[in-house]
Amino acid sequence: MFQKIIMHCAVVCIVAAILSGYRELSYALEPDRSAGVEKKDRRVTGVVAFTAYYANWSPAWKKYRFTYVKYSEGDFSLPRGTFMYGPSVSVTIDRWQISANFLYGEFRGDLVTYDYIPPLSGTGYGFMIPYRVRKEVKKYDGDLLVGYEINKYFRFFFGPKYQGYQYKKIFSTSLITSSSEDIRYHSGGMGVGVGCTLPITGDFYLTMNFAGVVLVGSQKGSDDKSDRTSIAYGGNEIVKLVYEIKPIHTIISLGGRLQYLYFYTTPNKYNPGKHDIFYGINLSAGAWF
């Protein structure tokens, strides 16, 4: 549902921009009487903002499967909605913009499953031992983007992206409770995309960003007794309404954000999932100068 809304908004954005661009082209055919005069809107501006992202997460590690000697499987359940938050900074020079964004959040997954231990002899019986696993996750997300404004409606951007995770597993049965060492996962790559801005009325705008990304990750301290490398690719889409309060130099935005990654190779052999999805509400407030 959320993906369909984003696609419909993108179509509206493109059609509106084409129609507006045609109108501007007709005016552009008239003689330019301002030739040689420096444009007043060419200036350097900066924005410092704080973002809160109320995100739902369906992680690639949601499905768990362990099949050596003993057998167990199940799906981790995550609470609906967890806040991620962090700062962002951007500087605009004429048509160019450089922006840096960072988000941090803590998630928790719970799994109730069992271990099957086969019989030690051919005539014995196996055992099924129920147990619970809690996975505590710290997520780090950052990017540095360089953008260029093609016209007042469209821009393209590119730059490096980082995603990091820190995992801690807590195992518990009716008899014992134990925790594993921290597992650290770092990934980096490049993203490229296009953005669209449509004026609604006055200082009220609709903005959309659509980007593709490729990430290469490395996991340390893996619970499958080996360090592993992963490759993932996917997309990141943001659709939001932006309101600029000029008298107090403030910008407020509210919208939706979706990130989808497909893991071509996964960082853990016990988690065979390939799809990693984030989606939720994105709220930001900042000051420009």
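Using Stokes-Einstein with the Kirkwood hydrodynamic radius over Cα pairs, what translational diffusion coefficient do you get for segment 200-269 at 37 °C and a viscosity of 0.692 mPa s, in µm²/s rounded to a whole number?
Working: Rh = 15.1 Å.
Answer, rounded: 217 µm²/s.
With 10 Å bins from zero, work out the P(r) of segment 231-289 over every alpha carbon pair and list the percent per bin.
21, 31, 23, 16, 8, 1
The numbers here are math on the coordinates, done by the rules we state, and not lab data. Keep in mind that what you see is a predicted model, and the values were worked out from it rather than measured.
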